[in-house]
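Readers should treat all values here as calculations from the given coordinates under stated rules, not as data from a laboratory. Remember, predicted model here, so these are calculated numbers, not experimental data. Neighbour counts run over all protein chains shown; Cβ positions are idealised from the backbone, glycine included.
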Amino acid sequence: MRFVLLVLLYPAMILTLYCAFIFAPTEAVMGEVQRIFYFHFSVDLVCFLAFFVLFIFSIAYLATGNRKFDIWASSSGEIGVLFGTLAMVTGSIWAKPVWNTWWTWDPRLTTFLILWLIYVAYLLLRANMAESDKKYKLSAVFGILGFIDVPIVWMSIRWWRTIHPVVITSKSINLDPDMKTTMFVALGTFTLLYAVLLNFRVRQRKLDYEITAKWMEA
Amino acid sequence: MQATPPAAPPSQRDMRIGPQTAFAILKKDLLLEFRGKEGFLSNLFFGLLVLLLFVFTFDPGSEALRQGSAAVFWIAVAFAAVLTLGRTFQRETEDRAVDVLSLLPLDPAWIFLGKLLTNFLVILMLMLLIFPLFVVFFDVTLTWRCWLLAAICPLAAVGLSSVGTLFAAVAESSRLRQLALSIMMYPISIPVLIAAVQLTQQSIKPGGQIENWHWLTLLFIFDAVFLAAALIIFDYVLGD
């Protein structure tokens, strides 16, 4: 399974690079820098997908107590934080020339930052607990509560930022059809990348678990 | 407990053990909190220090500090509260009383409720005592709009203590201890702090009026969601 995904990923990556840098027309106002949008948009959406997967597998772990679900949940969390970091970095690189600032407290950016903080906390929590069923249970609990918090954070930030004047309004994108195609190609590729990373990470963790179990027996 | 046949309906004694345990925990923890010197008093002093650090790092009496005074109050409360919350299960873990608690024939939600009530009352007390200090050092003009604080403080205290009590139990298993609680609690409770600061600002601003009641709604929603979630999920947190 994971090798099929990996084989698919290579041409998809090359196609995405081709689409983003050659096929898609240059944006009239922003110029070449706009091309980073395809990567930014994709890692951003896949980051949300990863946290949603974490949420679902956390519930599954609490319901069944099956170790496998904890491995899936936490692996997805790791990749989610990685993609979230990439989304913020690519966003900043784009924002500097276009908005003339690295960061702005727009509702979307602010909510995303808080989301990122919650899942970094999730990883830190896991990193500092001894391996046991209790660890898996507690991190599932935090994974679920963190996800429940997202809509409330979104609501509060939106109100908060509308009371203050918002200097820079959110970007409105009227995309050219070729740009739209590129956008979906990139999104598909990064979803595939997520699937590949997740599969390899889960396999690695399972092997690690098996080796530890064998070593404990000996 | 005497062994009862599984089919028998719960006796009155079984029904009462839940509330009784919650109340016993509340009483015990409040006594420890207010009698010991490592409890409430130290936290209150820490809250005062945080308040004053802001005065010293800004210019005393500067316009920036005056405009942000509501934020300073809530930062002081949040810092002092996390110390209180961190102690919630510390004593139980140290002498392994938590194992006994998890053996009690009752829904663990009752234990959670006892701990939650303690934290709620202690945090409310912290707010009540930090507020006069805040009024004095930040030269806050009290107007009739301050009654709003009587609604903001309990609502914020419910939110902070339900998230905090649950995560305090989680943090006991972490090597980071107190730090783990802060790391988990602050990002999740950002909505509570934003709402509390917005409402407080409106209630102490001279010559203003209260608008944006929706912040109270937000506090209600946060409290309801996390109180319910914590009560349901606490079962998984206690014991091994």
What is the ratio of the Cα radius of gyration of the range A:15-71 to 2.2 N^0.38 Å, with N the residue count, to two decimals? 1.80
Report the dimensions of chain A along its three principal axes from the alpha-carbon atoms, largest first, rounded to Å. 66, 46, 24
Using alpha-carbon coordinates alone, the radius of gyration and Dmax of chain B in Å work out to 19.8, 72
Positive-pole candidate from A:A195, A:L145, A:A130, dipole of the protein assembly as shown, charges at beta carbon: A:A130
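Counting only complete DSSP H runs, which helices of chain B cover 24 Å or more along their long axis at the Cα atoms and score a mean Kyte-Doolittle of 0.5 or above? Mind dumping the intermediate values first?
On the way: long enough: B:12-35 (34 Å, -0.26); B:40-57 (26 Å, 2.42); B:69-86 (26 Å, 2.13); B:108-137 (43 Å, 2.24); B:149-171 (31 Å, 1.98); B:214-237 (34 Å, 1.93).
Result, helices passing both filters: B:40-57, B:69-86, B:108-137, B:149-171, B:214-237.
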Projected onto their principal axes, the Cα atoms of the range B:31-161 stretch, largest extent first, over whole-Å spans of 57, 28, 22
Normalised radius of gyration for the range A:1-109, please: alpha carbon Rg relative to 2.2 N^0.38 Å, two decimal places. 1.34
From other protein chains only, count the Cβ atoms within 10 Å of every residue's Cβ in B:229-238, then give the mean. 3
Per residue of A:130-140, other chain Cβ atoms within 10 Å number on average 3
Cα-Cα separations in the range B:43-118 greater than 20 Å, expressed as whole percent: 50 percent
With labels modelled as points extended 7 Å from the Cα through the Cβ direction, what inter-label distance (nm, one decimal) is found for B:E38 paired with B:W147? 4.4 nm
Assigning unit charges at the beta carbon (Lys, Arg +1; Asp, Glu -1) and nothing else, what dipole magnitude in debye, to the nearest 20, does the range A:56-153 show about its Cα centre? 120 debye
Can you give the relative contact order of the range A:1-123 as a percent, counting alpha carbon pairs under 8 Å and 6+ residues apart? 24 percent
If the convex hull is drawn through the Cα atoms of the range A:74-139, its volume per residue in Å³: 79 Å³
Long-range alpha-carbon pairs in the range B:127-209, meaning those over 21 Å apart, account in percent for 41 percent
Using helices alone, I'd like the mean residue ellipticity at 222 nm for chain B: each DSSP H run of four-plus residues gives -39500 (n - 2.57), total over residue count, nearest 500. -25000 deg cm²/dmol
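For chain A, what are the DSSP H helices with axial Cα length of 20 Å or more and mean Kyte-Doolittle hydropathy of at least 1.6? Intermediate values should be presented prior to the final figure.
Working: long enough: A:2-18 (24 Å, 1.93); A:36-64 (42 Å, 2.07); A:67-99 (47 Å, 0.51); A:107-127 (30 Å, 1.46); A:133-163 (45 Å, 0.50); A:177-217 (60 Å, 0.10).
In chain A, the long hydrophobic H runs are A:2-18, A:36-64.
Note down the Stokes-Einstein diffusion coefficient of the range B:98-167 in µm²/s, whole number, using a Kirkwood radius over alpha carbon pairs, 10 °C, and 1.306 mPa s.
On the way: Rh = 14.1 Å.
In µm²/s, the coefficient is 112.
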A:V7 and B:R177 label points (each 7 Å along its Cα→Cβ direction) are spaced in nm at 5.5 nm
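With only alpha-carbon pairs counted, each pair once and no self-pairs, how large is the Kirkwood hydrodynamic radius of the protein assembly as shown in angstroms?
Numbers: mean 1/r = 0.0404 Å⁻¹.
Evaluated on the protein assembly as shown, it is 24.7 Å.
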So what's the net charge close to A:F57: Lys and Arg +1, Asp and Glu -1, counting the other residues with Cβ under 12 Å from its Cβ? +1
q = 0.24, 0.28 Å⁻¹: log10 I(q)/I(0) that the Debye formula gives for the range B:172-240, counting C-alpha atoms only: -1.09, -1.20
Count the lysine pairs in the protein assembly as shown whose Cα atoms sit under 19 Å apart, keeping only pairs 8 or more residues apart in sequence or on different chains. 15
Please give the direction-averaged projected area of the C-alpha convex hull for the range A:40-101, in square nanometres with one decimal. 4.1 nm²
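Note down the relative contact order for chain A as a percent, whole number, built from C-alpha pairs under 8 angstrom at least six residues apart.
Numbers: 200 pairs, mean separation 75.9, N = 218.
Averaging sequence separation for qualifying contacts and normalising by length gives 35 percent for chain A.
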Using helices alone, what [θ] at 222 nm do you get for chain A, with -39,500 (n - 2.57) per DSSP H run of 4 or more residues, divided over all residues and rounded to the nearest 500? -28500 deg cm²/dmol
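Please sort by residue number the chymotrypsin sites (Phe, Trp or Tyr not before Pro) in the range B:76-157 whose DSSP state is loop and whose Cβ has at most 15 other Cβ atoms within 10 Å.
Counting only loop positions with at most 15 other Cβ atoms within 10 Å, none of the chymotrypsin sites (Phe, Trp or Tyr not before Pro) in the range B:76-157 qualifies.
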